[in-house]
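J.: One structure, pasted below without further comment.
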Amino acid sequence: MNKMHLGEISIKEASSIVEARNKVRMLAEDVGFDTIGATKLATATSELSRQMYSNGNAASVAVGFDEREKGFGLDILFKGRTEDPDIKWTEAFFDDIFISSTNGNMLNVNAFKYPPVKFIPTEEFISLERERLIRLSRAEMVSELKRKNDELLALFDDLKNEKAKIDIMLEELKSVDKIKSDLVSTVSHELRTPLTSIKGYIDIILDEDTGEINDIQRDFLGIVKRNTDRLASLINEFLDVQKMESKRLTMNLTHISLSEIVEATAKGTELLIKKKGLAFHKNIKPDILAWVDGDRISQVLWNLFTNSIKYTESGSIYLILDTEGDNAIISLEDTGVGMSESDQKKLFSKFFRADNKVVRDAGGTGLGLAIVKEIVAAHNGTIDVSSEFEKGSKFTIRLPLGRPNMKNE
């Protein structure tokens with residue numbers, strides 16, 4: 001080994017770190033490093049100098065050359081009283097770097113880097129480099145500090161301008177979001193009023209309170225009734241989503257029989273299941289009491305049932321209600337179209353519709369399951385799905401039997 005010492009910088013203040021950085025960059029360029037390579041070494045030098053100077057303890061950086069197996073390279077020695085210098089991130093900048101201790105609680109960090117091309121430092125070259133290191137005046141360091149300060153000030157101004165733009169955009173988005181929410185709410189309510197009247201008059205005609213109707217008329221009115229019911233359901237979904245977004249989806253909790261709610265919803269869907277030609281198997285544990293909003297839980301179950309019926313062409317639907325510890329467990333499984341893993345991850349997102357022919361043909365807004373998840377979450381419960389494409393899906397709901405700590409009741 002043939003070490004050649006060029007100079008040493010005492011690190012007593014922040015400007016000394018800049019001096020060490022500049023000297024290493026200059027020396028690196030002189031021995032053949034390009035601008036990027038020299039800047040990387042200078043950056044690593046700056047960071048290690050800052051660490052060795054931590055807590056105001058004096059430190060130093062010595063620079064020179066060292067001859068090793070592959071030839072000469074830059075040799076940089078950092079000295080300081082820091083307890084635990086972090087050299088891991090700088091390992092990529094050097095060919096060799098290690099920590100050693102000396103007497104008096106001093107730590108040394110030795111760093112070495114081969115230049116991109118081999119060189120042999122002559123006496124004349126070493127003499128010139130020593131002179132150049134000395135000539136790197138304090139004025140140059142002050143100039144470097146001023147330049148960096150100007151860059152930081154310019155960056156700060158840019159950040160302030162960008163923040164101002166973002167604030168304006170956020171206000172605009174809030175305004176657009178409010179307009180959208182108000183529009184959805186207004187349109188939904190305006191549609192609901194005449195729709196309620198239409199449904200009422202259809203029921204009066206179907207009940208023959210205005211006179212007898214023939215079978216063809218009854219069939220036509222039945223089609224109208226089904227479509228008005230579907231439109232009413234869509235309006236209610238939009239209103240629920242609007243309530244979700246404004247945090248106004250409330251739950252009216254009562255201590256009631258969850259078993260009766262599940263049983264009643266199941267009975268309400270049995271005719272639809274039978275018409276589809278599907279088998280229905282249920283196992284409902286009796287006398288399960290829970291603090292729930294009965295109407296909202298019925299809404300959840302109805303949505304899951306109708307989805308299973310829509311997307312199951314043949315086979316069976318299975319319903320189970322049981323308890324596990326302090327939770328009620330509701331599971332609904334079918335042998336329907338199923339879904340991919342990627343679709344399962346997005347299933348409870350608003351407006352999500354799987355790219356599947358059966359799903360497209362069945363129609364829908366993609367809002368139902370987003371609302372379902374919100375209702376279950378409002379009960380401090382969870383809903384999960386497991387599915388396999390073309391084999392079926394299983395939804396599992398967990399609801400606490402005790403009274404949840406509700407924010408919106």
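J.: Want the number for N105 to S197: 0.36 nm per residue separation, take away the alpha-carbon distance, what's left?
T.: 24.2 nm
J.: Please give me, ordered by residue number, the GluC sites (Glu not before Pro) of segment 12-105 that lie in loop per DSSP and have at most 16 other Cβ atoms within 10 Å.
T.: Loop-located and lightly packed - E13, E69, E83.
J.: With both bridge residues required to lie in the chain, what share of the DSSP beta bridges run antiparallel, to the nearest 5%?
T.: DSSP beta bridges in the chain are roughly 90 percent antiparallel.
J.: Which FRET efficiency value, to the nearest 0.05, do you get for A232 and K163 by plugging their Cβ-Cβ distance into 1/(1 + (r/R0)^6) with R0 = 60 Å?
T.: It comes out at approximately 0.85.
J.: Now for a separate question. Is there a quick way to get the dipole size of the chain? I mean about its Cα centre, with the Cβ of Lys and Arg at +1 and of Asp and Glu at -1; what is the value in debye to the nearest 20?
T.: For this selection, approximately 300 debye.
J.: Angle between the Cα long axis of helix 368-378 and the longest principal axis of the chain, 0 to 90 degrees, nearest 10?
T.: 80
J.: Sticking with this structure for a sec: What does the extension gain come out to for L152 and I126, with contour length at 0.36 nm per residue minus their alpha carbon separation?
T.: Full-extension gain reported as 5.8 nm.
J.: Given the -39500 (n - 2.57) contribution per DSSP H run of 4+ residues, what per-residue ellipticity at 222 nm results for the chain, rounded to the nearest 500 deg cm²/dmol?
T.: For the chain, the value works out to -17500 deg cm²/dmol.
J.: Right, here's the next one. What lysines could a cross-link reach from K276, if we take a straight Cα to Cα line under 27 Å and drop same-chain neighbours fewer than 8 places away?
T.: K199, K225, K267, K285, K310, K357, K373, K391, K394
J.: Ok, one more. Return one number: the angle in degrees, 0 to 90 and rounded to the nearest 10, between the long axis of the Cα atoms of helix 138-206 and the longest principal axis of the Cα atoms of the chain.
T.: 0
J.: I would also like to ask the following. I'm spelling it out carefully: the read-out is P(r) over Cα pairs in 20 Å bins from 0, in percent, the candidates are [x] 26, 57, 17, 0; [y] 24, 45, 18, 7, 4, 2, 0; [z] 19, 29, 16, 25, 10, 1, and one was derived from this structure. Which label?
T.: After the calculation, the listed value that fits is [z].
J.: So for the pair I329, L221, with labels modelled 7 Å out along Cα→Cβ, what separation do we get in nm?
T.: The two pseudo-label positions are separated by 4.8 nm.
J.: Taking the Cα centre of segment 254-400 as origin, work out the dipole magnitude from +1 charges on Lys and Arg Cβ and -1 charges on Asp and Glu Cβ, in debye rounded to 20.
T.: Here the size comes out at about 500 debye.
J.: Counting Lys and Arg as +1 and Asp and Glu as -1, each charge on the Cβ, what is the dipole of segment 188-304 about the Cα centre in debye, to the nearest 20?
T.: Dipole magnitude for segment 188-304 comes out near 540 debye.
Quick note: the coordinates plus some simple rules give every number you see, no bench work behind them. What you see is a predicted model, and the numbers here were worked out from it, not measured in a lab. Using ideal geometry, Cβ is built from the backbone for each residue, glycine included, and neighbour counts are taken over all protein chains shown.
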